[in-house]
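Here is the structure we will look at.
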Amino acid sequence: MKNVVVIGGGIIGLSSAFYLQRSGHSVSVIDKGDFSDNCSYGNAGYICPSHFIPLATPGIVWKGLKWMLNSRSPFYVRPSLNRDLVDWGIKFIKSATNKKVEAAAIPLTEIAKLSQHEYKSWTSLPGFDFSYEQKGLFEIFQTHSFAAHAAETVTKAKELGLDVALLSYDELQRMEPQTKINALGAIFFKSDAHLYPNKLMKDLLTHLRTNGVQLISNAEVKAFEKGGKSVTKVITSKNAYDAEVVVIAAGAWSRDVAAMVNAKIPMMPGRGYSLTLENSVYQLNHPSILVEGRVAVTPMDKNKIRFGGTMEVVPVSAAPRYHRVEGILNSVKKFFPEFNVPMPSTDKLWFGYRPCSADGLPYIGRIKSYDNVIVASGHSMLGLSLGAGTGKLVSEMINETPASINISPFAVERFG
Ligand SMILES: Cc1cc2nc3c(=O)[nH]c(=O)nc-3n(C[C@H](O)[C@H](O)[C@H](O)COP(=O)(O)OP(=O)(O)OC[C@H]3O[C@@H](n4cnc5c(N)ncnc54)[C@H](O)[C@@H]3O)c2cc1C
C-alpha cells in the first residue's frame, strides 16, 4: 500500500481520494484553499452521459468570435498575446473538427456512464445524501436551425446507447405543467441525472475525514523534491510532505502544477457563473439546457433552482464581470416568460473556473518524466459528471489493476 498525495480538493481530487482510501492506501489531499469552495460547488449538478460533444466544435469557434463583441454573451475569450492562451487557442481550433468531435463521443460516453454508475452506488453509502435524481435532462430549443440539428443529435445519441427522444412543444409543456415554456421543442435525454453538488462535496469531505484521509488546507503546492525518476516530496507554502505517488487534480491550476514536473498540459480557466434561488416559487420537474442562451437551469435539493452559464476564457486574476449574469437571466426570461428573477447583489452570485483542456477531453494518466505522478484534470464542462469515474480510474492506475474503460484517448501528454 502506498503513501499517496492528491493535489486539489475539488470533485476530481476528492473522488480519487475516496477510491484510493478504499483500496487501502494512506491518502492526503492538499488544497491551497480551505475545501469550502471551488469549481465543484456552484456548478449545475448535471451527471450527463448526454454530453458526448466536447467544447471544441467547429461551430463554437465562429460563434465565439461573434459573441466576443457582446459583453452579455455566453462565450468570451479575452484577447491577449499571453503564450499559454495562444498555445491553447491554436490547439483548441485544431481540435474543433468534425472528425475529432466524432472520435471524442465514445470515450466521453464511456467515462460518463462509468461515473454515473459510481455516483449511483454512493447514494446507498452511509452518510451520503446528495439529492441524486435520475429524471433526465431537456435541451430546450427555440430556433429552426437547432431543430434541424436536434434530429441528428438524437440519432447519434441512440447509436451511443443513450435513451433519448425528440419532444414536440406540446409534449415538453405537458412534462412541465407548472411553468410556461417558450420553445419549439426539446431533446429529452432520459438517462441523465442531477445532484446537489454542495451537499455531495460536504458528504465526501466528511466521509474522507472519518476514514482517515488527511485533508491539508491553505497549503499551496509550490514545487516538488525529486530523486531520479520519482517525486519524493510535495513542497507547499506550509510544509513538505513525503509522497510515494502524486495525483495532480488541481483543476484550472493543473497546468502550472504539471509544469513543475515537466508535463505540458494545455489548459485555460473557463469562468462560469451561477445563482441559486432558495425556496423557489417557480416549479420545474426536470433540469434543462436553454440551447440558444447556453444556460443551465437545475431544480435541485429541496425547492432550489440554480441558473448557470457563460464561458469566459480569462486568467484567474481577471476581475469577475457580474453583468454576464444579466445575460443568463435574460435567456431564462426568454424561455420561461413567467420567471421574474431580479439581478441579485454580487454576494449572492457564485463563479468558478472550469479546467478547460484544449480539446474538451480530460487528461487522465501517467506523465512521461516521472514514474510516480498521475494527472487527473482538464474536465472542462464535465468535471462533476465525470468525477466519480475519474477517481475510480486513478485508483485502478495506482492499484495496477485493469482499467474499467479504455483511457488512451485521455493521455496526458497527447499534445506533445
Ligand atoms: C457555471 C458552471 C456550471 C457547471 N456545470 C456542470 C455540470 O452541470 N456538470 C459537470 O459535470 N460539470 C459542470 N461544470 C464544470 C465542473 O464544475 C468542473 O469541471 C469541476 O468542478 C472541476 O473539478 P476539479 O476538481 O478539476 O477542479 P476544482 O473543483 O476547481 O478543484 C481544484 C482544487 O485545486 C486546488 N488547487 C489549485 N492549485 C493548487 C495548488 N498549487 N496547491 C494546492 N491546491 C491547489 C484549488 O484550490 C481547488 O480547490 C460547471 C462549471 C461551471 C463554472
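Read the figures in this text as sums done on the coordinates, not as results from a lab. Because the structure is a prediction, the values reported are computed rather than measured. Please note: Cβ atoms are built from the backbone with ideal geometry, for glycine as well, and neighbour counts cover all protein chains shown.
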Dividing the mean separation of Cα pairs under 8 Å (6+ apart) by the residue count of the stretch 204-330 yields a relative contact order in percent of 16 percent
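Which percent of the Cα-Cα distances in the stretch 136-176 go past 16 Å? Please report the intermediate quantities before stating the final value.
Working: 303 of 820 pairs.
In whole percent, the share of Cα-Cα pairs in the stretch 136-176 beyond 16 Å is 37.
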The long-range amide H neighbours of Phe224, using H built 1.01 Å from N in the peptide plane and a cut-off of under 5 Å, are Ile235
With x for Gly and Pro, the residue-by-residue ³J(HN,Hα) of the stretch 286-291, computed from phi through the Karplus equation 6.51 cos²θ - 1.76 cosθ + 1.60 at θ = phi - 60° and given in whole Hz, is 10, x, 8, 10, 8, 4
By Cβ neighbour count within 10 Å, fewest first, His144, His379 rank His144, His379
Rounded to two decimals, the Debye log10 I(q)/I(0) of the stretch 1-118 (Cα scatterers, no solvent) at q = 0.13, 0.14, 0.15 Å⁻¹ is -0.80, -0.91, -1.00
A correct Karplus calculation of ³J(HN,Hα) over the stretch 173-189, with 6.51 cos²θ - 1.76 cosθ + 1.60, θ = phi - 60°, whole Hz and x for Gly and Pro, returns 4, 5, 7, 10, x, 8, 10, 6, 10, 9, 6, 8, x, 7, 8, 10, 8
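Order these by the 10 Å Cβ neighbour count, fewest first: Thr276, Thr232, Thr143.
On the way: Thr276 20, Thr232 15, Thr143 12.
Fewest-to-most ranking of Thr276, Thr232, Thr143: Thr143, Thr232, Thr276.
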For the stretch 400-406, Karplus-derived ³J(HN,Hα) couplings (6.51, -1.76, 1.60; θ = phi - 60°; whole Hz; x for glycine and proline) come out as 6, 10, x, 6, 4, 9, 6
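Taking 0.36 nm per residue of separation and subtracting the Cα-Cα distance, what length does fully extending His323 through Ile93 add? Kindly include the intermediate steps, with their values, before the conclusion.
Details: separation 230, 0.36 × 230 = 82.80 nm, distance 2.77 nm.
Full-extension gain reported as 80.0 nm.
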The exposure ranking of Ile187, Ile367, fewest beta-carbon neighbours within 10 Å first, is Ile367, Ile187
So for R0 = 30 Å, FRET eff. of Ser369-Thr210 from the Cβ-Cβ r, to 0.05, ends up at 0.25
To the nearest 10 degrees, the tilt of helix 324-335 (Cα long axis) against the first principal axis of the alpha carbons of the chain is 40 degrees
With Cα coordinates, the longest principal axis of the chain makes an angle with the long axis of helix 144-159, in degrees rounded to 10, of 50 degrees
For the pair Ser80 and Glu171, the simple spin-label estimate (label points 7 Å beyond Cα toward Cβ) gives in nm 4.5 nm
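Any chance you could run the full-extension gain for Gln283 through Lys222? It's 0.36 nm times the residue separation minus the Cα-Cα distance, nm to one decimal.
Numbers: separation 61, 0.36 × 61 = 21.96 nm, distance 4.68 nm.
Length gained between Gln283 and Lys222: 17.3 nm.
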antiparallel share of DSSP beta bridges within the chain, to nearest 5, in %, is 70 percent
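Using the Cβ atoms and a cut-off under 13 Å, what net charge is assigned to the surroundings of Ser369, where Lys and Arg are +1 and Asp and Glu are -1?
Numbers: positive: Lys226, Lys229, Lys264, Arg366, Lys368; negative: Asp371, Glu413.
Residues close to Ser369 contribute a combined charge of +3.
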For the pair Asn239 and Ser36, the simple spin-label estimate (label points 7 Å beyond Cα toward Cβ) gives in nm 2.2 nm
Summing -39500 (n - 2.57) over every DSSP H run of at least 4 residues in the chain and dividing by its residue count gives a helix-only mean residue ellipticity at 222 nm, to the nearest 500 deg cm²/dmol, of -9500 deg cm²/dmol
